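Here is the structure we will look at, set down as structure tokens.
We did not get these values from a lab; they are worked out from the coordinates using the rules stated. Given the structure is predicted, the values throughout are model-derived calculations rather than measurements. Glycine gets a Cβ as well: all are built from the backbone with ideal geometry, and neighbour counts include every protein chain shown.
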Amino acid sequence: MKAYKPKRRLTAEQYIEGILKGDRVLLSRAITLVESNLDSDKALAKEVVQAILPHSGRSFRIGVTGVPGVGKSTFIETFGKHLIEKGHKVAVLSIDPSSQRSKGSILGDKTRMEMLTTMEEAYIRPSASGETLGGVANKTGETMLLCEAAGYDVILIETVGVGQSETAVHGMTDFFLLLMLSGAGDELQGIKKGIMEMADMLVIHKADGDNIKKSELAKLQYENALHLFPASESGWTPAVTTASSYDNTGIDQIWSKMMEFKKLVEGNGYFEDNRKRQQIQWMYNNIHEELRRLFYSSSAVQDSLQDLEKEILESRVSPVKAAEKIIAEFKNNL
């Protein structure tokens, strides 16, 4: 049996050269580097990301979310194949808040996208597991930049879980797509208003067979519901359409609407302004994550936390006072 040989550590120049050549193996290794929590890897990752920055930013970034059972993976595979047929290179990334608890990934999704996975023009990457949604989102953002530098001109960022991840994805994309099912009355009750307000397009998915009529009815109901929402800052009126990944219907119309949106927002300046705002927010996200890491990695904090938890449970100190004490402890040890 052969002894395991660890991979040779690459230089920043080797990573950069490989990424710019579109080498998928080196791209994957660079993403693993970005996801690493080792200090030596972090320093190298920052160097690589900084160097590829001028070669990034040229893709169309699309967020994809939807209610459970809506068929996100099937849609992304069908949509991705459609884009590749049109001459695009597609990267599929994910933000999975559930991985923070289970340390799981979307490798299951990867196996469901069997055809897309084998295509040379596609790249599928599960999200990094992390202790906070912010940490996962920041690393997904860096992964996106690496994919752009490697030549992927359409980035699909999928929310695997539900909840706050939609806000994180919306904050790093140009276009936000919400997949829904027919039976709009029930669905309107089950989805947060805030998520619908973020959407640039609603797609009633699985509009095939017996669902076609129900999907058309749902489309009308959603169109009426969207009229009640405030006007979008982008100047775009959210579109509602139906589609079936099974029948491959409505897919081209979705892309056409996205291109219509892109033309509008590039023309009125919103596209560039939104990207700039996202860059600033990304900086603040990184600040918050680094402060959080410094706080919880402090030995003074680690030593005091358990005692304070015990004092709270025994009603000897209030949670507010306990927080005040632990922060003072941290500041004293800086």
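Cross-link pairs exceeding 32 Å between alpha carbons, from the set 206/276; 72/262; 42/257: 206/276; 42/257. Close amide-amide hydrogen proximity is noted between residue 176 and 63, 200, 201, each under 5 Å apart and 5 or more residues distant or on a separate chain (H modeled in the peptide plane; Pro and chain starts excluded). Of the peptides 284-296, 17-29, the order by per-residue mean of other Cβ atoms within 10 Å, starting with the highest, comes out as 17-29, 284-296.
Just 148, 35, 223 to compare: in a GNM of the chain, with alpha carbon springs under 10 Å, which one fluctuates most? Its mean-square fluctuation being the largest, the pick is 223.
For residue 124, the residues whose amide H sits under 5 Å from its own are 92, ignoring neighbours fewer than 5 places away on the same chain, with H placed 1.01 Å from N. Taking a sphere under 10 Å around the Cβ of residue 139 and counting the other residues whose Cβ falls inside, with K and R at +1 and D and E at -1, yields a net charge of -3. Listed peptides 167-180, 38-51, 56-69 appear in the order 167-180, 56-69, 38-51 once ranked by packing, highest mean of other Cβ atoms within 10 Å at the front. Here the 3J(HN,Hα) profile of segment 255-270, calculated from phi with Karplus coefficients 6.51, -1.76 and 1.60 at θ = phi - 60°, is 5, 4, 5, 4, 5, 5, 4, 4, 4, 5, 6, 6, x, 9, x, 5 Hz, Gly and Pro shown as x. Highest mean first, the peptides 212-221, 132-141, 235-244, 311-320 sorted by other C-beta atoms within 10 Å per residue fall in the order 132-141, 235-244, 212-221, 311-320. For residue 249, the residues 5 or more places off, or on other chains, whose built amide H falls under 5 Å of its own are 244. Listed values for segment 51-67 are Karplus-derived 3J(HN,Hα) couplings in whole Hz (6.51 cos²θ - 1.76 cosθ + 1.60, θ = phi - 60°), namely 5, 8, 3, x, 9, 9, x, 9, 9, 9, 9, 10, x, 10, 9, x, 5, and x replaces Gly and Pro. What the phi angles of segment 21-37 give under the Karplus curve with 6.51, -1.76 and 1.60, with θ = phi - 60°, is a coupling list of 7, x, 6, 5, 5, 5, 4, 4, 5, 5, 5, 4, 4, 4, 7, 5, 9 Hz, glycine and proline written as x.
Across the chain, the mean sequence separation of Cα contacts (distance under 8 Å, 6 or more residues apart), normalised by length, yields a relative contact order of 16 percent.
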